[in-house]
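First comes the structure, then the notes that go with it.
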Amino acid sequence: MTDTIRSHGAPARGPSAAAAVTTGSANALMRLTDPPMRAVQRLIGASRMPYVFLLPNLVFFGLFVFLPIGINIVFSVTGGTALFPSERPYVGAEHYARLLDCGSYLEAASCREDLFWRGVGNTLTFTVFQMVAMVLFSLVTALVLNRPIRGRGFFRAVYFFPVLLSPVVVALIWKWILQRDGLLNAVLTTAGGEKILFFVDPGWAMFWAVFVSVWAHMGFYTLILLAGLQAIPRDVYEAAEMDGTRPWRVFHRITLPLLWPNLLVVLVLVLIRSVQVFDEVFVLTGGGPGTATMMVVQYIYTTAFANQVQNFGLAGAASVLLGAVLFVLTLIQLFLTRRRAS
Amino acid sequence: MAGCALALSVLGSAGVPALAQAQTTLRIMWYSDGNEGEVMNDLLRRFEEKNKDVKIVLDQVPFKAINETLPVQLASGQGPDLARITDMGGLAPYLMDVRPHVKDAAYWEQNYGPFLQWMRVPGNTTAIPGYMTQLTVTGPFVNKTLFEQAGVAMPGANATWEDWAKAAKAVADKVQAPFPVAFDRSGHRFFGLAVSQGAQMAEVGGELKPVDDGFKRAAKLVVDWHKSGVMSKELWGAVSGTAYRGANEEFKNAQVVFYESGSWQTAQFDKTIGDAFDWIAVPTPCGPANCSGMPGGAALVALKTSSHPAEVGRLLDYLASEEVAAEFYARTLFVPGHIGLAKKGIAYKSASPQAAAALKVFGDAVGKLDPVAYRIQGDPSSRIVFNAAISRLGQVVVGETTLDDAYQRIASDVAQQIAERKKKQ
């Protein structure tokens, strides 16, 4: 620690005047912070110094992550429409009981809060289809982009471009393409077909919700898989080639196992993101037709903000349940990645 | 040192006129359907010229922000000085009574009296929280050109909903229009139909009963119309929950034969349709109970979050004055929410003959509104019922649930939300 501080205090030897000024300023700043840091170190001991450096981040997380989680839990056990926790009456587990009161968890209509369970069902359906499609298409795209094809850099940029767009913009573009008088129906009718009302049929609406989400985010996961593919040593493939191993066997026995850590990261990230999905689907389908694409987060948003009686308590309880699911998923991710690493 | 001196001299020179002309800034949260934001801006600049001590900032926001963001702001004790709102009953607890700050409370009672009751908390009969920037009345627009092209006779003045549905379907079939009948996906619009079918939304034994025989008749009509193709699922079925979905774009594109909406659409149809086709407003069709639509509207109200009640009162006095209000209604093509002006009539100089005729139809409709419709509009729980109705009937339309189940869900949704609202510390 002391050495580090001393090394920062060394005179600047920059190649240019600008660099010298920058280094000089940095040194001046270090000299300014040096005495108080030494004083703190004398006071609490060198072994506790790392916590001093962690403190700013802890405060940041505490204020913007843990405090809101705590407030959310308070909301979930209080009722009424008041915004300040001190003005809200304690209702215990009433909201949780309401959400979990079901004749059968497989039949949303038998539940007291049927819209929550419809949201859960839709989110599960979305998650399953999105995970399969996302991993499959990202993997295929990464495999293709890893080959020495012409315009490889261009295609890598093209596939990544949608990731840079706002989810709302993505949804609005696709809404424009898919609506009754949209681009796709214009193409269909020009080709002699009939218009399809994509947002009126539950199957089509869910299909497009998954499709648009895959289209928008595939580039990001492709990049992760591409990085994994490029990290696989070339000599392994060369050895397989010398042995005359067939391409499918190379993929199955070499590429997939060596890519597994990256695939695992992709799987868990896609899973967590799917469970949290809201903005794209909400703008694209509005949760319809009926409630066919209404996800859990939309239910929470509607309950808390869109109704005349803004039921923050019920929405808070639903958020806590959703948070618990995400927490379990994150633990699974940690468990799997650590097991793999060990 | 020299820099400090320069900065002080600049601050000083700026500070002298500021001290001489201390200004109070008032913020208004405002949404627009048509040109009303533009017109309001003009009026506010004139007010500022006469009242140099007041500066007004008109924050123009989407309607969704008025419905969803403003209530949260107000609940947290934040908010602008004034806002243009439609959920008057729901926001009544947050509205400021400017009675002590207006010049002539009797003028307000005389000209805005019936509508002031919509803005008051239950039990209060004296508060003056604001004035109606527009009175709206639900009612249908008809594409006359499509009727002429199809060679179908238009139903007469006292035609029923069923008459119009049959005629509109015949027209749509002949001219290949995708929307024979379109209703805004709005509980308020649904209740226009429901009141004519005899819906009461009455309290029985201290408990609100949203689903009665009239409500059921209206709900069945809507569901049957979707089944028979009179209404397209694209409006009521395509989105979920309480989401609003209008058919104004479809009407402007001549895809709708009969469009149940309301007076506030007149200005934008006048501006955007032009002479592309002939459109008219017709009286609200009749049901077994009456031929009433639903009243509604938007009010500019003072909010308790304001720390300048005197200036807010002065501004409202100016805007609600007969002369200024008359100009506002005339330029925006709004039905007046001012009793005196409604009696005198508004000269809509900028309106085309089509728009003027439509405004005449809506103006006449105000006189035919059923008292039940006024009571429902003024009920503090009306939006709870509207939202529950639209959310659950939307599910029936796409086949997710049955009408009987929807009735039970509407009743339980309403009861649960009212119970939640009553919970206090």
**Report entry** Qualifying residue in the range B:94-104 (condition: under 18 Å from B:V312 (Cα atoms) and within 14 Å of another protein chain (Cβ to nearest Cβ))
**Finding:** yes
Query raised in the report: How about the range B:129-149: which of its residues are surrounded by fewer than 19 Cβ atoms within 10 Å (Cβ to Cβ) and out of contact with any Phe, Trp or Tyr (no Cβ under 7 Å at 6 or more places or on another chain)?
Result: B:E148, B:Q149
Report summary line: Within the range A:20-35, residues being over 40 Å from the mean Cα position of the chain (by Cα) and among the β-branched types (V, I, T) number 1
Query raised in the report: If only one of B:V222, B:V230 is farther than 25 Å from B:Q416 by Cβ, touching a residue at least 12 places away in the same chain (Cβ under 8 Å) and of a type in the set (V, I, T), which one is it?
Result: B:V230
Query raised in the report: Quick check, is B:Q416 over 30 Å from B:A320 (Cβ atoms), assigned to a helix (DSSP H, G or I), facing another protein chain (nearest Cβ under 9 Å) and modelled with pLDDT under 95?
Result: yes
**Report entry** Matching residues, the range A:316-335, being within 16 Å of A:E113 (Cα to Cα) and in contact (Cβ under 8 Å) with a residue 60 or more places away in the chain
**Finding:** A:G316, A:A317, A:A318, A:S319, A:V320, A:L321
Requested in this report: Those residues that are surrounded by fewer than 17 Cβ atoms within 10 Å (Cβ to Cβ), at the interface with chain B (Cβ under 7 Å from one of its Cβ atoms) and not acidic (D, E), I need them from the range A:78-95; list them, please.
Outcome: A:P89
Query raised in the report: Counting just the residues of the range B:236-256 that are within 21 Å of B:A194 (Cα to Cα) and aliphatic (A, V, I, L, M), which one comes out nearest to the other protein chains (Cβ to nearest Cβ)?
Result: B:A243
Query - Filtered residues of the range B:376-411 (kept if more than 8 Å from chain A (Cβ to nearest Cβ), without any contact (Cβ under 8 Å) to a residue 24 or more places away in the chain and assigned to a helix (DSSP H, G or I)) - result: B:R392, B:D404, B:Q408
Report summary line: Going through the range B:266-283 in order, the residues found to be crowded, with 24+ Cβ neighbours inside 10 Å and either within 24 Å of B:K166 (Cα to Cα) or out of contact with any Leu (no Cβ under 7 Å at 6 or more places or on another chain) (or both) are B:W279, B:A281
Report task. Hey, could you check the range B:213-235 for residues that are farther than 22 Å from B:V195 by Cα and not acidic (D, E) and say which is farthest from the other protein chains (Cβ to nearest Cβ)? Result -> B:S228
Query raised in the report: Does B:L315 satisfy being among the aliphatic types (A, V, I, L, M), out of contact with any strand residue (DSSP E or B) (no Cβ under 9 Å at 6 or more places or on another chain), buried (at least 19 other Cβ atoms within 10 Å of the Cβ) and away from chain A (no Cβ under 14 Å)?
Result: no
Query raised in the report: Can you name the residue in the range A:265-290 that is within 14 Å of chain B (Cβ to nearest Cβ) and not in a helix (DSSP H, G or I) and, of all such residues, is nearest to A:F220 (Cα to Cα)?
Result: A:F278
Query - Where a residue in the range A:293-312 is within 7 Å of another protein chain (Cβ to nearest Cβ) and among the aromatic types (F, W, Y) and its partner, wherever it lies, is in a loop (DSSP other than H, G, I, E, B) and open to solvent by 10 Å² or more (accessible area, probe 1.4 Å), with Cβ under 8 Å and at least six apart - result: none
Query - Odd one out for B:D213, checked against (1) open to solvent by 30 Å² or more (accessible area, probe 1.4 Å); (2) over 27 Å from the mean Cα position of the chain (by Cα) - result: (2)
Query raised in the report: In the range B:243-250, is there at least one residue being buried (at least 21 other Cβ atoms within 10 Å of the Cβ) and either in the same structural domain as B:T86 (by TED's automatic domain parsing) or of a type in the set (F, W, Y) (or both)?
Result: no
**Report entry** Residues of the range B:62-91 that turn out to be away from chain A (no Cβ under 12 Å), part of a helix (DSSP H, G or I) and open to solvent by less than 60 Å² (accessible area, probe 1.4 Å), as a count
**Finding:** 1
Query raised in the report: Quick check: anything in the range A:108-131 of a type in the set (D, E), open to solvent by 20 Å² or more (accessible area, probe 1.4 Å) and closer than 24 Å to B:V239 by Cβ?
Result: yes
Requested in this report: For B:A182, work out the one condition from (1) more than 14 Å from every other protein chain (Cβ to nearest Cβ); (2) within 26 Å of the chain's Cα centre (by Cα) it doesn't fulfil.
Outcome: (1)
Requested in this report: For the range B:188-198, state whether one or more residues are within 23 Å of B:W264 (Cβ to Cβ), within 14 Å of chain A (Cβ to nearest Cβ), touching a Ser or Thr at 6+ places or on another chain (Cβ under 8 Å) and part of a helix (DSSP H, G or I).
Outcome: yes
Report task. Quick one: count up the residues across the range A:174-191 that are away from every other protein chain (no Cβ under 14 Å), surrounded by fewer than 17 Cβ atoms within 10 Å (Cβ to Cβ) and part of a helix (DSSP H, G or I). Result -> 7
**Report entry** Yes/no for B:A168 being in the same structural domain as B:F334 (by TED's automatic domain parsing), assigned to a helix (DSSP H, G or I) and small (G, A, S)
**Finding:** no
Query raised in the report: In the set B:D173, B:D163, which member is part of a helix (DSSP H, G or I), touching a residue at least 60 places away in the same chain (Cβ under 8 Å), more than 14 Å from chain A (Cβ to nearest Cβ) and of a type in the set (D, E, K, R)?
Result: B:D163
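The values are calculated or read from the model by the stated rules, or taken from the named source; none is laboratory data. Every value quoted in this text rests on a predicted model; they were computed, and no experiment measured them. When we count neighbours, we look across all protein chains shown, and the Cβ atoms used for this are built from the backbone with ideal geometry, even at glycine. When the accessible area is computed, the model is the full protein with side chains, heavy atoms only, and any ligands, DNA or RNA have been set aside. Shrake-Rupley method; radii C 1.70, N 1.55, O 1.52, S 1.80 Å.
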